[in-house]
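Here's the structure, in structure tokens; my notes come after.
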Amino acid sequence: AGPGQAALLREMVDLRRKALIEALPEQNGLKAWVSVRRFNPSGKSSFNHDRPANWQGISSMPGPGRRYRSGIVKFNGVSSSSPVEQLLADDRWVGHLDVDFSGEKLMFTGNGFGKKESRPWDVFELDLKTGKKESLTAHMPADTDSYNSCYLPDGRIIFVNTSGMQGVPCVAGVDYVGNLHLYDREKKTTRRLTFDQDNNWFPTMLPDGRVMFLRWEYTESAHYFSRVLMHMNPDGSDQKEYYGSNSYWPNSLFNARPLPGRPGMFAGIVSGHHGVKRLGELVLFDVNRGRTATEGAVQKIPGYGKPVENVTKDQLVQGLKTPYFAEPYPLNDECFLAVSSPSGNQGVTNVVWCDIYDNIVPLTASSYFVYADPAPLGPRKKPPVLHDRVKTESKTATVYISDVYRGRAMAGVPRGEAKALRVFMSEYSPRNTGSHYAMGMESNWDLKVLYGTVPVNPDGSAIFTAPACQPLTQKGHA
């Protein structure tokens, strides 16, 4: 549109909004919705610091001292004249919203609220009725950072924390690694759930009561931009691949959320390992079609009726011809809230409503605010509560493998060939140390500690006892 066509353009946008959103009964959840709104007054170029790189946790971003002028805002409706209410304001970074199941509270990540900060990053909760704000992770050690949280249906929360004192080895350990933790607010106890070499991101609830999260899999991996979407019980047990194990595509799969009413389907942001930060293509997946590469990729948005191409490329989304997206929130199985930018390097993102038919309707229009994490505001159905299976008092774990020959990795191996398993623990790189060549020329990043050798039974089963809360690796030999 030219300068003289601004009024006509606004009329067209309003028409699309009325026809696609306001006229549809299933969009009634958008009568009220929330979003983060950030603004860095240091200048346009500093928007590059608004989101961490694709291999980093939030703790790698500039923290206290940088003025982001953040806020959480509530929108009452979707029209351009809808009233906007500011629920929270602060000079520093705010993000990673998660609205609780009642719609009355929300959690967010912030980089140190108050004058006496014990750590740069914490998880906070905002009571939307009273406006009261409190830190939920102030009890964590002062030399750790907490971020990326989600509510569980039983009142507990899962969040990421850097308590493992690990560093990402390929950058000499200067980026600190965050793993998932479980906080019981009634018992005032916190327990670490994952013991991974590199970062976990974006825990979110699945409709069946399990927790989905993204894991950067560097251990025993032949390629270093592998992200595996995982799922587990809320107590940390039964951790399994959900999508992307041993896949070169998608490089990264950020902000994955399930589609309501469609078991096995989810939407996520596909991005590269390097390059554009946390923005990429909005892709729909169905694990019932497959779990590797593009087997389960249903479509891109926009991209209705077009196949998703399997592309192996590090900076996967550099120079996209379609809009960049981040932080999608499925409203149903066809429509989404998200933030979008015409250029991944421009920095500014606005909230949009979009659907699988390639319709994209802007809900905000700013050239200087960074919008993030939009979500409908209101009660939502709780998933079932899965009761804990972990025996926290036990110092050891009994590992039982029913059949070592099952799975893609053992395809073609004759039965009876495996005679024993070697069981190792991985010793990870600590903070501020390591390099690409610390262990050899682009070899494994971690040391292996041999626990012992376990016989494989004729039927392919094996059983052994190992120390609890340790990362284990098993290797078979004839």
Quiz item: Per the Debye formula with a single identical scatterer at each Cα and no solvent contribution, what log10 I(q)/I(0) holds for the stretch 165-241 at q = 0.16, 0.27 Å⁻¹?
Solution: -0.63, -1.32
Exercise. Determine the shape class of the stretch 297-339: with a ≥ b ≥ c the square roots of the Cα gyration tensor eigenvalues, call it rounded for a/c under 1.5, and otherwise prolate if a/b is greater than b/c, oblate otherwise.
Key: oblate
Self-check item: 25 Å Cα-Cα reach of Lys277 towards lysines, excluding residues that sit fewer than 8 places from it in its own chain
Solution: Lys44, Lys300, Lys313, Lys321
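Counting only heavy atoms of the protein chains, get the accessible area per residue of the chain (1.4 Å probe) and round it to a whole Å² value. Don't jump to the answer; show the numbers that get you there.
Values: 21320 Å² over 478 residues.
Here the per-residue accessible area is 45 Å².
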Exercise. Give the long-range amide H neighbours of Thr473: residues separated by 5 or more places, or on another chain, with amide H under 5 Å away, using H modelled in the peptide plane at 1.01 Å from N.
Key: Phe424, Met425, Ser426
Exercise. List every residue whose amide H lies under 5 Å from the amide H of Ser70, counting only residues 5 or more places away in sequence or on a different chain, with H placed 1.01 Å from N in the peptide plane.
Key: Phe39, Asp90, Asp91, Arg92
Exercise. Starting at the first residue of the stretch 92-102, write each ³J(HN,Hα) from the Karplus equation 6.51 cos²θ - 1.76 cosθ + 1.60 with θ = phi - 60°, in whole Hz, x for Gly and Pro.
Key: 10, 5, 10, x, 6, 5, 9, 7, 6, 6, 7
Quiz item: ³J(HN,Hα) across the stretch 393-401 via Karplus (A = 6.51, B = -1.76, C = 1.60, θ = phi - 60°), whole Hz, x for Gly/Pro?
Solution: 7, 7, 8, 10, 10, 9, 9, 10, 10
Exercise. Starting from the Cα of Asp154, step 7 Å along the direction of its Cβ; do the same at Lys381; then give the gap between the two resulting points in nm.
Key: 2.2 nm
Self-check item: the stretch 268-353 shape via C-alpha gyration tensor axes, a/c threshold 1.5
Solution: oblate
Quiz item: His139 versus Thr322, label points 7 Å from Cα toward the beta carbon: distance in nm?
Solution: 4.5 nm
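Suppose the chain between Glu309 and His274 were pulled fully straight at 0.36 nm per residue; how much longer would it get relative to their current alpha carbon spacing?
10.7 nm is the gain from fully extending Glu309 to His274.
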Quiz item: Taking amide H positions as placed 1.01 Å from N in the peptide plane, with prolines and chain starts having none, which residues 5 or more places from Ala420, or on another chain, fall under 5 Å of its amide H?
Solution: Val456, His477
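Can you bin the stretch 337-478 into rounded, prolate or oblate? Criterion: square roots of the alpha carbon gyration tensor eigenvalues sorted a ≥ b ≥ c, rounded for a/c under 1.5, prolate for a/b above b/c, oblate for the rest.
prolate
Where the accessible area of the chain is counted over protein heavy atoms with a 1.4 Å probe, how much of it, in %, is carbon and sulfur?
52 percent
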Quiz item: What do you get for Rg/Rh of the chain when both radii come from the Cα atoms and Rh is the Kirkwood radius?
Solution: 0.97
Practice problem: Provide the FRET efficiency to the nearest 0.05 for the Met12-Ala411 pair, computing r from the beta carbons and using R0 = 51 Å. | Solution: 0.40
Practice problem: Return the calculated 222 nm mean residue ellipticity for the chain, to the nearest 500 deg cm²/dmol, obtained by summing -39500 (n - 2.57) across DSSP H runs with n ≥ 4 and dividing by the residue count. | Solution: -1000 deg cm²/dmol
Quiz item: Around Tyr304, with a cut-off of 12 angstrom between Cβ atoms, what is the net charge of the other residues, counting Lys and Arg +1 and Asp and Glu -1?
Solution: -1
Quiz prompt | Using θ = phi - 60° and Karplus 6.51 cos²θ - 1.76 cosθ + 1.60, couplings along the stretch 423-429 (whole Hz; Gly, Pro as x) | solution = 10, 10, 10, 8, 9, 8, 6
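The values are calculated or read from the model by the stated rules, or taken from the named source; none is laboratory data. The structure displayed is predicted, hence computed values, not measured ones. Reconstructed Cβ throughout: ideal geometry from the backbone, glycine too, with neighbour counts over all protein chains shown. In case anyone asks, the SASA skips ligands and DNA or RNA and just uses the protein heavy atoms, side chains included. Shrake-Rupley method; radii C 1.70, N 1.55, O 1.52, S 1.80 Å.
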